[in-house]
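Colleague: Encoded as structure tokens, here's the structure I'll be asking about.
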Amino acid sequence: MENATNQNQNWTWAPVSWEWWEILQLILAIIGIIGNFLVMIVLLRPRHRRCATDTLIGALAVADFLTSVFIIPHQRVISLPDNSGGQAYCRIIHSSVLMWISICASIFTLTTISIERLAAVRYPSCHQVLFTHTRLPILIIILWLIAVVINTFSLYVHFVQGGICVTQFPSSEFQKFIGVSLFIIEYVVPIIIMVTAHSMTLYSLRRRSESSNGNQGQEQMAPKLKEAQRRVLQMLLIVVIIFIVCWTPDQFGFLVFNLGVVDVNHLFSPLYRCFVILAFANSCANPFIYAGRSPGFRKAFFQMFGGKSRRYGAHSVFADLIHDSNSTFNATSIGEISMDKI
């Protein structure tokens with residue numbers, strides 16, 4: 001009898017209340033959609049020759065664009081029937097699983113970019129083999145598949161019960177396992193990889209700078225090398241710092257919830273909503289970090305929309321992030337390899 005009642009339950013919706021966190025989410029969503037869309041159309045346009053960095057930053061923009069779309073505030077259901085439509089709503093829409101999949105893909109792509117830069121500077125032969133035009137799309141698909149697999153648990157812990165969407169783990173041990181696993185995979189491992197890769201990249205650049213001392217030909221190009229190093233150093237520091245600042249509160253807040261330190265009300269508290277808003281801000285920041293600070297991107301953007309020149313579209317946009325520091329020492333550096341042969 002109760003099951004029949006649930007089956008016949010009508011859909012009841014609550015309008016968007018437009019609390020302060022929903023207003024901030026909408027603002028971040030608009031900024032993220034516009035910013036990442038501009039990066040996408042500049043980098044992923046047809047007949048544009050891309051280096052590996054261009055492709056990966058384009059993939060990052062796609063993931064952040066989808067994240068920005070998914071965070072747009074929308075109506076929430078108050079009551080719903082226990083049928084296939086209701087179960088699909090709870091498992092997919094109510095759980096925000098699509099948003100978390102795109103967020104994971106963004107984090108993994110961001111981590112891959114740090115590895116790609118390290119390989120380009122320190123291991124050029126490996127870079128030429130691994131980050132090719134044919135292998136990069138496969139790598140990006142694998143990153144998305146991993147993001148999907150990681151979030152499949154959400155389809156099983158969210159479901160309809162008593163005419164409402166509920167979140168219930170099979171056991172407290174399973175919830176703790178999921179919480180710790182997500183914390184390690186989505187936060188700890190990416191930070192370790194990014195910090196390590198960026199540190200090794202900067203170390204390699206400084207070693208090259210030191211090796212130029214005493215060489216008259218290379219000393220003449222030292223100012224250019226120092227400027228390239230300064231730009232790369234700023235870029236890498238900004239990437240790591242913003243990622244840590246944006247994601248640390250949310251990741252620790254969700255971890256303590258899954259460990260049972262706080263109850264479910266913690267997820268709806270003003271403090272945790274601040275953590276979530278801060279995490280969403282990372283998807284808006286990436287276009288400004290990578291695109292706004294790249295001279296190549298700015299030139300391609302203004303030439304694309306200004307109509308002054310169409311010739312730049314045949315060149316790589318983000319090759320300057322690596323090419324400048326490499327070409328200082330060798331005219332056939334990996335920066336040129338990444339543009340012309342990969």
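Nothing in this text is a laboratory measurement; each read-out follows from the coordinates by a stated rule. This is a predicted model, so every value here is computed, not measured. Backbone-built Cβ (ideal geometry, glycine too); neighbour counts: all protein chains shown.
Colleague: If you average the alpha carbon positions of segment 165-186 and of segment 97-131, how far apart do those two centres end up, in angstrom?
Modeller: Distance between centres, Cα-based: 27 Å.
Colleague: What nm distance separates the two modelled labels at ILE242 and VAL262, each placed 7 Å from Cα along Cα→Cβ?
Modeller: 2.6
Colleague: What does the highest-first list of 144-157, 54-67, 108-121, 24-37 look like by mean Cβ count within 10 Å?
Modeller: So the peptides 144-157, 54-67, 108-121, 24-37, ranked by packing, come out 54-67, 108-121, 24-37, 144-157.
Colleague: OK, next. May I ask you to derive the FRET efficiency for PHE177 and GLN234 from their Cβ-Cβ distance with R0 = 45 Å, giving the value to the nearest 0.05?
Modeller: 0.70
Colleague: With a point put 7 Å past each Cα toward its Cβ, work out how far ILE72 is from TYR123 in nm, to one decimal.
Modeller: Spacing of the two 7 Å Cα→Cβ label points: 4.2 nm.
Colleague: Just to be sure I understand the model, the point goes 7 Å from the Cα along the line to the Cβ. What's the resulting VAL166 to PHE288 distance in nm?
Modeller: Rounded to a tenth, the inter-label distance reads 4.3 nm.
Colleague: Can you list the residues, at least 5 places off or on another chain, whose amide H is less than 5 Å from the amide H of ARG76, using H built in the peptide plane?
Modeller: ALA14
Colleague: How high is the FRET efficiency from ALA88 to TRP20, r the C-beta distance, R0 22 Å, rounded to 0.05?
Modeller: Computed FRET efficiency for ALA88 and TRP20: 0.10.
Colleague: Next question, about the same structure. From the C-alpha coordinates alone, can you work out the Kirkwood hydrodynamic radius of segment 69-157, in Å?
Modeller: 15.5
Colleague: Given R₀ = 25 Å, FRET efficiency for SER204-CYS274 by Cβ-Cβ distance, to 0.05?
Modeller: Step by step, r from the Cβ atoms, then E = 0.05.
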